[in-house]
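Asker: One structure is given below, represented as structure tokens, and several questions about it will come after.
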Amino acid sequence: MSSKTTYVDVILPLALPAPFTYAVPVELAELIQVGHRVIVPFKTNKLYTGIVYKVHGSAPSVKPRLIETIVDEEPLVTPFQLKFWDWIAQYYMCTIGEVANAALPSGLKISSETKFFFNEYYEGDYTGLTDEAFTVVQALKARKELYLKDVQELLQKSNVHHAMQQLFNHGIAISKEELTYRYKPRYETFIKLHENYRSDEGLEKLFNETANAPKQQELLLAYIGLQKQYPMVKKGELLKAANCEPGVLKRMVEKNIFKEFRSEVSRLGIFLSETEQNLDLSATQHRAYNEIKAQLATKQTVLLHGVTGSGKTLLYIELIRSYIDSLSQCLFLVPEIALTAQLINRLRKYFGNQVGVYHSKFNLHERVEIWNKTLSGEYKILIGARSALFLPFKKLALVIVDEEHDSSYKQSDPAPRYQGRDAAIMLAHLHGAKVVLGTATPSIESYFNATRGKYGLVEMKERYGQGRLPKIELINLKTSRKQGEIKGNFSNRLIDEISSALKAHKQIILFLNRRGYAEYMQCNTCDYVYSCKKCDVTLTYHKYQNKLICHYCNYQINLDQKCMRCTSPDLEIRGKGTEQIEEEIAELFPDARVERLDLDALKTKTGYIHTIAAFENHEIDILVGTQMVTKGLDFDRVGLVGIIDADRLIYLPGFRSAERAFQLLTQVSGRAGRKDNEGKVIIQTSNPAHPLFQLVMEHNYKEFYRTEIAHRSQFIYPPFTRLIHINLKEKDVKALEAASIWLADNLKKTIKATILGPAVPYISKLNNFFQRELLIKPTSESEPGPLLKQKISSVLINLRHHKDFKKVIAQVDVDA
Ligand code: ADP
Ligand code: ZN
Ligand code: ZN
């Protein structure tokens, strides 16, 4: 037998320009496949987990090193995924290693730098572990932390991944981030019936025996009911369902009727196994459903333009139902998973355990669990934010992108800087799947594609049921001020509306797109404005924490009563934030129950879930919040939405500013009056004549689109071109300036496109790095996209190798 060596190109989760070639030991040559996870050496004695990109027989010019082991029996990454990674790397101008790094949960890419810690909070036992895993447990307990090489020494072998994965999956070994987060596997107490009573005869006997104990029989009935719905019955739920004293259960456990046991529960949850099957679509929904199906027969993508409250969710559910079967899966993308508890519940009601949720806040065990259940096909429907695109789908049949206009679909940092909606369409294309983009305020790009016939277009113009779109009223803040009809940030008109809404027991949402208490703080004696030490921005005053905080780099200083520069005590806060609104409203309406929902509230992990649930249960009268209150939440009793200051929405920087303002105003307004109750919206502004307001008040998306697309066409902005931004950063401003001029000159020599800049961006310094930006605008004369990008990349490589610009960081952002 000729001994021809097998080689593999391996993707390492690092920013390397290309996959790295390794040789495969003879004994592994027959086994190795594309998509396999392998352990490979890199640099001097470092080990990394990589993914096999290609298996081939052509020896590289430099003698390659050998791979150490194959980690799993089956490939972990599918051919679809590798194609997708390739596309992202090429289109968004980054390396495939950076894509792999974003795509793989950290639990799946153990490297020599990974440190394993013993989880002090682990309460379970060690039964079911392999001997090797158990050996590692004992070492971990003794030494508290181990590196990969320690485990290899301990077990006297290089392939220790099985053992480590087992410990990870049980939550016995944890990563550093989980150590700080005090990851605690969750245990709950469950109840089951003693073996003797599990048959029909057994049950009958039991009922006879307990004939004189009605309380016990009730408990028994409750147990039987729950057992039909859940794979395991939780003690707490049983007591709740039976509505009985714990003593009753205790006696039954003592009498050996029930058994109590503790078991670890996956945070992913256990759900109803019996699901609801009846969907009652309204006539409008029915028509929309048929239209979507008809259009999808010939088109890959359909844009569903349905006003807020038109009932898009039910339509999605019906669509999913028609696409999933034993083989096919569905991906449901949302802009921000943290705020979609309502949606998840609705989907689970129909699809039960087939629904998986992918959340970046989940710990690595949970993420690995979801990965595996997607790969095995156990999950048929995956809900997640943009990173869910990287899950190992077996076969996608349908991709839904809800709130497709939302700017959170774009990842800005780190690379890959991808647009989740666009990448979703590409992913669907690779799988031959269909795409439905849904929104009440389509992005200009998507609507443009729909008007050109590239996408299908289906509309729902009315709200579901008796619901009507809210009445929107503008309040001129200038006049209110002049006439003294204002208290703090609230015009008298808004105050009146709030008070009548409260009287009618309706809920109220107040929106302001700035968190904190005040925008900045200034000394009245020396005029000093408190600014960030590391960035070119003012610090925001947070009253609750009594701190001044940079919203860009999180630099913080504790508030001192005296000016930092001249020690004068005469300090003044200016501008407003959500904390201030919350405080004022509490003073105006001391009896109302007020809560705040913004990024600060989100940071307290459960705070926002609690707040949303409390609002849903009508335990809160007034919710004050930032963008977060606009995102698809469906509350049925919101009678009034107040937009505290619309001026700061309509003058945002960038070519998308009008689009964003229209979307935000429409979406916030859309929270008012759903189902059968008519809602009201009050917009406070100093510029009531601004044409945008008229369009928002008329709910006139089409007219808005017509003006906006004319503007984009005139100034050649997307969708008439595709912009490529290059951001340059360097601590030394001189070197930065020289580099940005060099780059602009060299780009002009190399490519045929309009190059704008270098310019100083809106924020000129961030985290001690000075910033410059260049904008590349391809024209009709430009090279085709892939060639253009190749040429830009080659110029950037030259920049990186230039002796004067060693410390300059260049970041490329495509379609920013
Ligand atoms: P959208 O996402 O389009 O803003 P939703 O899907 O949240 O709207 O629906 C708005 C409200 O109408 C929800 O409370 C939903 O439960 C209700 N709804 C929509 N369609 C139906 C239906 N066919 N039957 C009963 N309720 C419906
Ligand atoms: Zn001062
Ligand atoms: Zn800062």
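Values in this text are rule-based calculations from the coordinates and carry no lab data. Note that the coordinates shown come from a computational prediction; the quantities given were computed from them, not determined experimentally. Ideal geometry is used to build each Cβ from the backbone, glycine not excepted, and the neighbour counts take in all protein chains shown.
Asker: Viscosity 1.567 mPa s, temperature 4 °C: give me the Stokes-Einstein translational D for segment 677-789 in µm²/s, with Rh taken as the Kirkwood radius over C-alpha pairs.
Answerer: On the way: Rh = 17.5 Å.
Translational diffusion coefficient: 74 µm²/s.
Asker: Can you sort L193, L599, L66 by how many other beta carbons sit within 10 Å, fewest first? Please report the intermediate quantities before stating the final value.
Answerer: Numbers: L193 19, L599 15, L66 12.
The fewest-first ordering by Cβ neighbours comes to L66, L599, L193.
Asker: Add -39500 (n - 2.57) for each DSSP H run of 4 or more in the chain, then divide by its residues: what number comes out at 222 nm, to the nearest 500 deg cm²/dmol?
Answerer: Working: 28 runs with 290 residues, N = 816.
It comes out at -10500 deg cm²/dmol, rounded to the nearest 500.
Asker: Separate question: Apply 1/(1 + (r/R0)^6) to the Cβ-Cβ distance of H505 and D560, taking R0 = 45 Å, and write down the FRET efficiency to the nearest 0.05. It would help to have the intermediate numbers written out before the result.
Answerer: Details: r = 45 Å, r/R0 = 0.99.
So, using R0 = 45 Å, E works out to roughly 0.50.
Asker: Size of the dipole of segment 691-813 about the Cα centre, Lys and Arg at +1 and Asp and Glu at -1 on the beta carbon, nothing else charged, in debye to 20? Show your work: numbers first, answer last.
Answerer: Details: 19 positive and 12 negative charges, 97 e Å.
That gives segment 691-813 a dipole magnitude of about 460 debye.
Asker: Given R₀ = 60 Å, what would the calculated FRET efficiency be for L203 paired with S568, taking r from the Cβ atoms and rounding to 0.05? Write out the running numbers ahead of the final one.
Answerer: On the way: r = 81 Å, r/R0 = 1.36.
My answer for the efficiency is 0.15.
Asker: Let me ask something else about it. How big is the Cα convex hull of the chain in projection, averaged over all directions, in nm²? Each step should come with its number before you reach the end.
Answerer: Details: hull surface 174.1 nm².
Orientation-averaged projected area of the Cα hull: 43.5 nm².
Asker: What is the spin-label model distance, in nm, from N45 to A710 if the labels are put 7 Å beyond Cα along the C-beta direction?
Answerer: Inter-label distance under the simple model: 7.2 nm.
Asker: Still on this structure, please answer the following. To the nearest 20 debye, what is the magnitude of the charge dipole of segment 439-533 about its Cα centre, counting +1 on the Cβ of each Lys and Arg and -1 on the Cβ of each Asp and Glu? Display every interim value, and only then the final one.
Answerer: Working: 16 positive and 9 negative charges, 24 e Å.
It comes to approximately 120 debye.
Asker: Here's something else I'd like to know. Please give the peptides 385-394, 762-771 ranked by average Cβ packing (other Cβ atoms within 10 Å per residue), highest first, as a rough proxy for protection. Could you put the intermediate results ahead of the total?
Answerer: Working: 385-394: 22.4, 762-771: 16.9.
Most protected by this proxy first, the peptides run 385-394, 762-771.
Asker: Below 8 Å between Cα atoms, with a sequence gap of 6+, how large is the relative contact order for segment 529-641 in percent? Show your work: numbers first, answer last.
Answerer: Working: 116 pairs, mean separation 17.7, N = 113.
Value for segment 529-641: 16 percent.
Asker: Within 13 Å, Cβ to Cβ, of F80, how many net charges do the neighbouring residues add up to if Lys/Arg are +1 and Asp/Glu are -1? Each step should come with its number before you reach the end.
Answerer: Numbers: positive: K83, K394, K395; negative: D86.
Neighbourhood net charge equals +2.
Asker: Between segment 543-570 and segment 85-140, what is the C-alpha centre distance in whole Å?
Answerer: Spelled out, the Cα-based centre of one part sits 40 Å from the other.
Asker: Here is a follow-up. Among D9, D496, which comes first, then next, by fewest other beta-carbon atoms within 10 Å? It would help to have the intermediate numbers written out before the result.
Answerer: Details: D9 19, D496 12.
Ascending number of Cβ neighbours within 10 Å: D496, D9.
Asker: Compute the signed sum of charges (Lys and Arg +1, Asp and Glu -1) over the other residues within less than 12 Å, Cβ to Cβ, of Y197. Walk me through the numbers on the way to the answer.
Answerer: On the way: positive: K192, R198, K205, K255, K259; negative: E195, D200, E201, E204, E209.
Cβ neighbours under 12 Å give a net charge of 0.
Asker: Another one. Give the lysines reachable from K255 as a straight Cα distance under 23 Å; neighbours fewer than 8 places away on the same chain don't count.
Answerer: Correct list for K255: K192, K205, K215, K234, K235, K240.
Asker: Using only the alpha-carbon atoms, what does segment 49-191 span along each of its principal axes? Please give whole angstrom values in decreasing order.
Answerer: 54, 34, 29
Asker: Oh, and also: If we count other beta carbons within 10 Å of each Cβ, what is the order of H802, H725, fewest first?
Answerer: Values: H802 15, H725 18.
Neighbour counts put them in this order, fewest first: H802, H725.
Asker: Taking 60 Å as R0, compute the FRET efficiency from the Cβ-Cβ separation of T779 and Q227 and round it to 0.05. Write out the running numbers ahead of the final one.
Answerer: Working: r = 68 Å, r/R0 = 1.13.
Once rounded, the FRET efficiency stands at 0.35.
Asker: If you place +1 on the Cβ of every Lys and Arg and -1 on the Cβ of every Asp and Glu, how big does the dipole about the Cα centre of the chain come out, in debye to the nearest 20?
Answerer: Numbers: 107 positive and 93 negative charges, 349 e Å.
I would put it at about 1680 debye.
Asker: Place the peptides 568-579, 437-448, 103-114 in order of packing, highest mean first, counting for every residue the other Cβ atoms within 10 Å and averaging per peptide. Could you put the intermediate results ahead of the total?
Answerer: On the way: 568-579: 17.2, 437-448: 24.1, 103-114: 19.8.
With the highest mean Cβ count within 10 Å placed first, the list reads 437-448, 103-114, 568-579.
Asker: Here is a follow-up. Compute the whole-percent fraction of alpha carbon pairs in segment 649-739 spaced more than 23 Å apart.
Answerer: On the way: 1816 of 4095 pairs.
That fraction is 44 percent.
Asker: Identify, among T666, I726, I682, the residue whose Cα sits farthest towards the positive end of the charge dipole of segment 650-728, taking +1 on the Cβ of Lys and Arg and -1 on the Cβ of Asp and Glu, with the dipole about the Cα centre.
Answerer: I726
Asker: Further, regarding this structure: Would you work out the relative contact order for segment 462-536, in percent, from Cα pairs under 8 angstrom that are 6 or more residues apart?
Answerer: Details: 24 pairs, mean separation 8.6, N = 75.
Relative CO of segment 462-536 lands at 12 percent.
Asker: Hey, another quick one. Given the pairs K149/K395; K533/K806; K410/K803; K380/K702; K293/K380, which span a C-alpha to C-alpha distance of over 28 angstrom in this model? If you can, show how the numbers build up before the last one.
Answerer: Working: K149/K395 38 Å; K533/K806 25 Å; K410/K803 34 Å; K380/K702 36 Å; K293/K380 20 Å.
Long pairs (Cα-Cα over 28 Å): K149/K395; K410/K803; K380/K702.
Asker: Report the relative contact order of the chain, percent, no decimals, based on alpha-carbon pairs under 8 angstrom and at least 6 residues apart. Each step should come with its number before you reach the end.
Answerer: Working: 1509 pairs, mean separation 80.0, N = 816.
Reported relative contact order: 10 percent.
Asker: Restricting to DSSP loop positions (anything but H, G, I, E, B) with no more than 15 other Cβ atoms inside 10 Å of their own Cβ, which trypsin sites (Lys or Arg not before Pro) remain in segment 1-52?
Answerer: Numbers: sites: K4, R37, K43, K46; in loops: K4, K43.
When the trypsin sites (Lys or Arg not before Pro) of segment 1-52 are filtered for loop state and at most 15 Cβ neighbours within 10 Å, K4, K43 remain.
Asker: Moving on. Among 58-65, 427-434, 680-687, 451-458, what's the highest-first ranking by average C-beta atoms within 10 angstrom per residue?
Answerer: Final packing ranking: 680-687, 427-434, 451-458, 58-65.
Asker: Could you state the per residue volume, in Å³, of the convex hull enclosing the Cα atoms of segment 270-405? Present the calculation step by step, with values, prior to reporting the outcome.
Answerer: On the way: hull volume 15.6 nm³, N = 136.
For segment 270-405, the hull spanned by Cα atoms encloses 115 Å³ per residue.
Asker: Oh, and also: How large is the translational diffusion coefficient of segment 103-177 in µm² per second when you combine the Kirkwood radius over alpha carbon pairs with Stokes-Einstein at 20 °C and 1.002 mPa s?
Answerer: Approximately 174 µm²/s, per Stokes-Einstein.
Asker: Positive end of the charge dipole of segment 1-120 (Lys, Arg +1 and Asp, Glu -1 on Cβ, about the Cα centre): tell me which of L31, Y91, N101 has its Cα farthest that way.
Answerer: Of the candidates, Y91 comes out farthest on the positive side.
Asker: For segment 1-74, please report how many Lys pairs fall under 19 Å Cα to Cα, leaving out neighbours fewer than 8 apart on the same chain.
Answerer: Values: K4/K54; K4/K63; K43/K63; K46/K63; K54/K63.
For segment 1-74, the number of qualifying lysine pairs is 5.
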